[in-house]
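As structure tokens, the structure follows; a few thoughts come after it.
The values are calculated or read from the model by the stated rules, or taken from the named source; none is laboratory data. Owing to the predicted nature of the structure, the values given are computational and were not obtained by experimental measurement. Don't worry about glycine lacking a Cβ; one is built from the backbone with ideal geometry, like all the others, and counts go over all protein chains shown. Calculation scope for accessible area: heavy atoms of the full protein, side chains included, ligands and nucleic acids excluded. Shrake-Rupley method; radii C 1.70, N 1.55, O 1.52, S 1.80 Å.
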Amino acid sequence: MNRKKLQKLADSLCKTARHFNKFEVECLIKLFNNLGVEPSERHAVVGLDRNSFRNILHVTFGMTDDMIMDRVFRAFDKDNDSCVSVTEWVEGLSIFLRGTLEEKIKYCFDVYDLNGDGYISREEMFHMLKNSLLKQPSEEDPDEGIKDLVEITLKKMDYDHDGKLSYADFEKAVRDENLLLEAFGPCLPDMKCGMAFEAQAFQESSDL
């Protein structure tokens, strides 16, 4: 990508990815291009496919839960073309790394709403909690313990008592108790991984 094209793209992305300055946006564009996603004649769509993106989540941000990583990919892939474009990459990272509480609440809710119907249902909670909790060898049926946990969660977060979490329920619960933001599995980077990624991305790219 030539300098002029890069600057033009960075200018436009600065308006939408508002947590990064122009230098940082340029660094993230260069990093994206270095990940081997340059356009080719065979591929009309340029970007990170599901496997490449999940690999970044796993290696760079220490994520291990397949279901959650798949949902994070979908949260970044706004146009549902099974590919994260450079625009989706920069805008997604803006929230992923530096989002406001409000932006992160919206992002986490979208990740946890597995079927995209605008609610986190009992079944969705059960699947995510079962996936993210360590399997403890015991005599008891682990599913029973998870069902109990789902009920406890609903009691704490389901303000309108309809047996599922709406966005309003989730937002209120998280605003009252920030730790509930990632209640159903880690879908944001911890501070150490986030800072390490930024240090590397912005340092390396500035040396290019």
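So the values come out like this:
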| item | result |
| --- | --- |
| With all protein chains modelled, accessible area of Leu6 [1.4 Å, Å²] | 10 |
| Karplus-derived 3J(HN,Hα), 6.51/-1.76/1.60, for each residue of region 177-193, Hz, glycine and proline x | 9, 4, 5, 7, 3, 10, 4, 10, x, x, 10, 10, x, 6, 4, 5, 5 |
| 1.4 Å probe accessible area per residue over the chain, in Å² | 57 |
| Solvent exposure ordering (accessible area, 1.4 Å, most first) of Met63, Met195 | Met195, Met63 |
| Note, ³J(HN,Hα) from phi for region 76-93, Karplus 6.51, -1.76, 1.60, rounded to Hz, x at Gly and Pro | 6, 7, 4, 9, 6, 9, 6, 8, 8, 7, 4, 5, 5, 4, 5, 5, x, 5 |
| Qualifying GluC sites (Glu not before Pro) in region 107-199, DSSP loop, other Cβ atoms within 10 Å at most 12 | Glu139, Glu140, Glu177 |
| Residue-wise HN-Hα coupling along region 17-23, computed from phi with Karplus coefficients 6.51, -1.76, 1.60 (Hz; x: Gly, Pro) | 9, 6, 8, 10, 8, 4, 4 |
| Area accessible to solvent at Lys22, 1.4 Å probe radius, in Å² | 70 |
| Given Lys78/Lys130; Lys147/Lys172; Lys15/Lys172; Lys78/Lys104, the pairs whose alpha carbons are separated by over 18 Å | Lys78/Lys130; Lys147/Lys172; Lys15/Lys172 |
| Proximal lysines relative to Lys4, as straight alpha-carbon distance under 17 Å, when same-chain residues fewer than 8 apart are discounted | Lys22, Lys30 |
| Probe 1.4 Å, all protein chains present, accessible-area order of Leu28, Leu114, largest first | Leu114, Leu28 |
| Square roots of 5 times each gyration tensor eigenvalue, C-alpha, the chain, largest first, Å | 35, 18, 16 |
| Accessible surface of region 51-208, 1.4 Å probe, proportion on carbon and sulfur as whole % | 52 |
| Charge dipole (debye, nearest 20) of the chain; +1 at Cβ of Lys and Arg, -1 at Cβ of Asp and Glu | 1160 |
